[in-house]
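So the structure is just underneath, and the comments pick up after that.
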Amino acid sequence: MLKNCATLSVLESKSMNRLEMIGKADWHRPRWTMFFVTIFAALIAVASTAAPSFTAALDRNVVPVGETVTLSLIFEGGGPGGAPQLPQIRNVAVAPGVNQSSSYTFANGQQTARQTYSYTLIAQTVGDVTIPPMAVPIGGKSVTSQPLTLKIIPTSAAAQNQANTISNLAFLRLIVPKTEVFVGEPFPVEIHLYWQNAQDIRMPQLQAEGFSMGAMPKPAQTRTQIGGTIYNLAVFKLAASAARSGDLTLGPVEDNLTVLIPITNRRQSRDPFESFFGGPQFQQRPTTITSDVVRMKVLPLPTQNVPEGFNGAIGNYQLSVTAGPTNLGVGDPITIRAKITGRGPIDSILFPAQTHWRDFNTYPPTSTVETTDELGLVGSKSFEQVVIPQNHEVNVLPPFKFSFFDTTTRSYRTLTGPTIPLSVRATGVAAPPLPTLTNSAAGEQAPVADDIVHIRPRLDDSAGSLTPLYLRPAFLGLQGIPLVLWLALLIKRKRTESLANNPRLRRQREVAQRMRDGLRDLRAHAEARRSIEFFALLFRLMQEQMGERLDLPASAITEAVIDERLRGRGMSDAGVHTLHELFQTCNAARYAPTQSSHELAALIPKLEAVLAELQKVSA
C-alpha cells in the first residue's frame with residue numbers, strides 16, 4: 001500500500017512539472033497570436049448563433065375529456081429568461097408547475113441552443129379548442145408562435161368502466177372525430193393504446209369491413225394522466241374511406257400484450273432473491289384488450305347536378321392555372337401548369353379531361369404531389385400539360401376546369417381558371433433557291449452546229465415524253481396526299497370527340513395503359529426486392545382494374561367489394577379466390593418482413609391472370 005502511494009506521488013510531481021513547462025512555453029509565445037485567436041473565436045461564436053425562433057406544439061391533437069395533453073413552447077437561438085404566461089384557453093385547465101429543459105446542438109458549423117417549457121393541459125369540456133398565437137420578447141425582439149387546434153371528445157362509457165377495473169393497467173380507444181361521411185371521402189382515424197406496466201407490445205389490429213385503409217405512419221409515444229394515474233400512450237394514426245353507403249361499424253381494435261401486475265403478497269413470488277432484497281415483483285399476465293366499435297353513417301354521392309368533367313375527386317380544393325408562352329406560331333408548344341391545393345385524397349386526383357380544347361393537340365400530362373400532413377390528406381398536386389394550337393385562327397386558350405364534390409357544402413363544385421389570350425401567327429416554308437451556273441460551266445463552249453440535218457428513216461412514237469401532267473401517276477399521287485391527311489385529321493378529331501363524350505371508354509383505355517406500365521414496374525420492383533413498393537403497386541393495380549369494371553373510384557375498392565359486386569358478373573370462383581388471396585397478401589405485407597425476389601415474382605402471373613379475367617367481366 002505504501003509502495004503504491006509513493007508511486008502516485010512521483011507521478012503527480014512529474015505531471016506538475018510538465019504543466020509548469022507547458023505554461024512557460026505558452027507565456028513566451030507572441031501575445032499578438034493569442035489576441036487574433038481570441039478575436040477569431042468571438043467572430044465564429046457570433047456567426048454561428050442562429051436568429052431566435054419560437055414554436056408551439058401539442059403531443060396530440062385529439063384528447064378525451066378528463067385526460068391531459070402536453071403543450072410545449074420551444075425556443076431556439078435565445079430564451080425568454082423564464083416560463084412564459086399562457087393566454088386564457090377555453091375548455092381546458094392548466095395544471096400547476098412547468099417543466100423546463102435545455103439542449104445544445106452543433107451541426108454544419110452552426111450552434112443552436114434550445115429551451116423547452118412544457119405545460120400540462122387538462123381537457124374539461126367537449127369542443128374544438130384554438131390555442132392563439134403567443135408573442136414573447138427575446139433579446140429586444142418579439143417572436144410569435146403559430147396557432148394550434150385541439151379537439152376534445154367525450155369519454156365512452158366502456159372506457160370509464162375500464163378505468164374502474166383491473167383492466168386499467170392497459171386499454172385501447174378507437175377515436176373517429178367524424179362519424180358521418182360520404183362514399184370515398186377520406187377521414188382520420190386514431191388508435192390510442194394506454195398502458196402502465198406492460199411488455200411485448202404489438203401494433204393493434206383494426207377490423208374495418210367495408211372501409212379502405214391508408215398507410216399507417218410511425219406512431220407517436222407520449223404520457224398522459226387519467227384520474228391521478230400516469231399512463232404511457234402510443235397514438236396510431238391512419239386515413240380511412242368508406243367503400244359503400246349505409247350504416248357501417250368501424251372496429252373494434254384488438255391488441256395482445258403482457259401486463260405486469262404488482263404482487264402484493266411476497267409469498268406468491270417465485271424468485272427467493274427478490275424476496276430477500278425487497279425488489280419490485282410483478283406477475284406477467286398475457287392479455288387481449290379490445291376497444292369499442294364506432295358506428296359510421298356513410299352517405300352516397302348525389303346523382304343530381306353532377307358536372308360533366310367530374311372524375312371522382314372529393315374533398316375541398318382551390319385551383320391556380322398559368323400558361324405560356326402566349327405569343328407563338330402554329331405548331332409551337334404551350335405549357336399549362338395547373339395546381340390543385342386543399343384537403344382530400346391528393347394523390348388520387350386525376351387530370352380532368354378538357355373537352356373544350358378542340359383546337360389544340362394535347363399530350364399526356366405529368367404530375368407531382370406535395371403533402372403537408374403525415375396522412376397525406378392536406379397538400380397540393382401540380383399538373384403540367386403541353387398543348388399545340390392547330391391553326392393561326394386560335395386566339396384564346398379556354399379556361400381550365402376542375403370538378404369535385406365538396407364535403408363541406410355537400411354539393412358539386414367546378415373551379416374554373418382564367419381565359420388566357422393567345423397570339424398565334426401562321427408559319428410558312430421558304431422556297432429553295434434557284435440553281436446557278438458554276439464558273440466551269442459558264443466557261444464551256446457551245447457545241448458546233450451541224451449543217452446537215454439527217455432524215456429519219458422511220459417515224460417513232462415520241463408522244464410518251466409529252467404525256468400531260470394531270471395523267472401522270474406521280475402527280476395524281478401527290479394530289480391525294482392532302483386528302484389523306486384531311487381524312488386522318490378528321491378521324492382523329494372524331495375519335496377525340498367520341499372519347500370526350502364517353503368517359504367510360506376513356507377510363508377503360510387509361511386503365512389498360514396503367515396495367516401495362518404497372519406490370520413492367522412490378523417486375524422491376526421484384527428484381528430489386530423493393531417489397532413495400534411492390535405490394536403498394538400490386539394493390540393499386542387491382543383497385544384500378546376493379547374500379548374501371550365496376551364504375552367506382554379506385555380508392556373505394558376493398559376486399560369486401562369482391563363478393564358484393566363481382567360475383568354474378570361472369571367472374572369464376574377461381575378468379576374470386578385468387579383476388580381474395582392477393583388482397584390478403586397485400587394486407588399482410590404491411591407487417592411481414594421483406595420477401596425474396598423469387599417470392600415477389602411468383603405473384604405477378606397470378607395478377608396477370610386475374611386482370612385478364614377482370615377485363616372480361618361485364619361492366
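Read-outs throughout are calculated quantities, based only on the coordinates presented, and are distinct from any laboratory measurement. For clarity, every value in this text was computed on a predicted model and none was experimentally measured. We place every Cβ from the backbone using ideal geometry, glycine too, and count neighbours over all the protein chains shown.
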If you take the Cα atoms of segment 315-359, find Rg, then find the Kirkwood Rh from the mean of 1/r over all pairs, what is Rg/Rh?
1.07
If you bin every alpha carbon distance in segment 53-148 into 5 Å steps from zero, what whole percent lands in each bin?
3, 12, 23, 23, 17, 11, 7, 3, 1, 0
Give the separation of the Cα centroids, segment 376-398 to segment 533-566, in Å.
30
With the dipole of segment 53-148 defined by +1 on each Lys or Arg Cβ and -1 on each Asp or Glu Cβ, the option from 119, 135, 74 whose Cα lies farthest towards the positive pole is 135
Global geometry of segment 177-229, whether rounded, prolate or oblate, following the gyration tensor of its Cα atoms and the 1.5 cut on a/c
prolate
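Roughly how many debye, to the nearest 20, is the charge dipole of segment 177-265 about its Cα centre, given +1 on each Lys and Arg Cβ, -1 on each Asp and Glu Cβ, and no other charges? If you can, show how the numbers build up before the last one.
Working: 6 positive and 8 negative charges, 62 e Å.
Dipole of segment 177-265, to the nearest 20 debye: 300 debye.
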Per-residue Cβ neighbour rank within 10 angstrom, fewest leading, 382, 103
103, 382
Want the number for residue 209 to residue 85: 0.36 nm per residue separation, take away the alpha-carbon distance, what's left?
39.9 nm
Taking other Cβ within 10 Å of each residue's Cβ, how do 195, 486, 357 sort, fewest first?
486, 357, 195
How large are Rg and Dmax for segment 515-619 when only the alpha carbon atoms are used, in Å?
13.3, 39
Rounded to a whole number, the Stokes-Einstein D of segment 164-262 in µm²/s (Kirkwood radius over Cα pairs; 37 °C; 0.692 mPa s) is 222
Need one word for segment 314-425: rounded, prolate or oblate. Basis is the Cα gyration tensor (sqrt eigenvalues a ≥ b ≥ c); a/c below 1.5 gives rounded, then a/b vs b/c decides.
prolate
Please find the FRET efficiency linking residue 408 to residue 95, where r is the Cβ-Cβ separation and R0 is fixed at 35 Å, and quote it to the nearest 0.05.
0.45
Total charge dipole magnitude, segment 53-148, about the Cα centre, Cβ charges on Lys, Arg, Asp, Glu only, Debye to nearest 20
160
Based only on Cα atoms, what mean projected area does the convex hull of segment 518-577 have, in nm²?
4.6
